[in-house]
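J.: Below: one structure in structure tokens.
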Amino acid sequence: MEQNTIVNETLLQMKYARVIGLLAERLNISQAKALETFYNSKTYANLSEKANHLHNMSDAYLADE
């Protein structure tokens with residue numbers, strides 16, 4: 001991770017929760033299935049790499065990805 005990249009882990013977890021909620025709503029699936037879908041996605045893998053600044057994108061953008 002870059003030295004100047006600071007990500008608040010609590011805020012990141014809250015973003016994950018919002019994106020999962022959007023996925024459940026948009027795909028008309030359960031929260032559990034949305035959770036599984038999100039955590040197995042390339043978007044989550046990329047979001048976990050905080051240095052790429054994907055965490056700065058909107059929840060809707062991440063759900064679309």
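J.: For the chain, what does the accessible surface come to per residue with a 1.4 Å probe? Please give it in Å². Don't jump to the answer; show the numbers that get you there.
T.: Numbers: 4460 Å² over 65 residues.
That works out to 69 Å² per residue.
J.: Please find the FRET efficiency linking residue 42 to residue 8, where r is the Cβ-Cβ separation and R0 is fixed at 35 Å, and quote it to the nearest 0.05.
T.: 0.90
J.: Still on this structure: Accessible area of the chain with a 1.4 Å probe: how many percent of it is carbon plus sulfur?
T.: Answer for the chain: carbon and sulfur cover 52 percent of the accessible area.
J.: If you filter the chain for trypsin sites (Lys or Arg not before Pro), then keep DSSP loop positions with at most 16 other Cβ within 10 Å, what is left?
T.: Sites meeting the loop and neighbour criteria: none at all.
J.: Working from Cα positions, state the angle (0 to 90°, nearest 10) between the long axis of helix 9-27 and the longest principal axis of the chain.
T.: Long axis of 9-27 versus the principal axis of the chain: about 30 degrees.
J.: Using the crude model of +1 on Lys and Arg Cβ and -1 on Asp and Glu Cβ, and no other charge, please compute the dipole size for the chain relative to its Cα centre, in debye to 20.
T.: Taking the Cα centre of the chain as origin, the dipole is about 120 debye.
The values are calculated or read from the model by the stated rules, or taken from the named source; none is laboratory data. Keep in mind the model is a prediction, meaning the values are calculated, not measured. Cβ coordinates were reconstructed from backbone atoms using ideal geometry, including for glycine residues, and neighbour counts include every protein chain displayed. Surface areas here come from the heavy atoms of the whole protein model, side chains and all, with no ligands, DNA or RNA. Shrake-Rupley method; radii C 1.70, N 1.55, O 1.52, S 1.80 Å.
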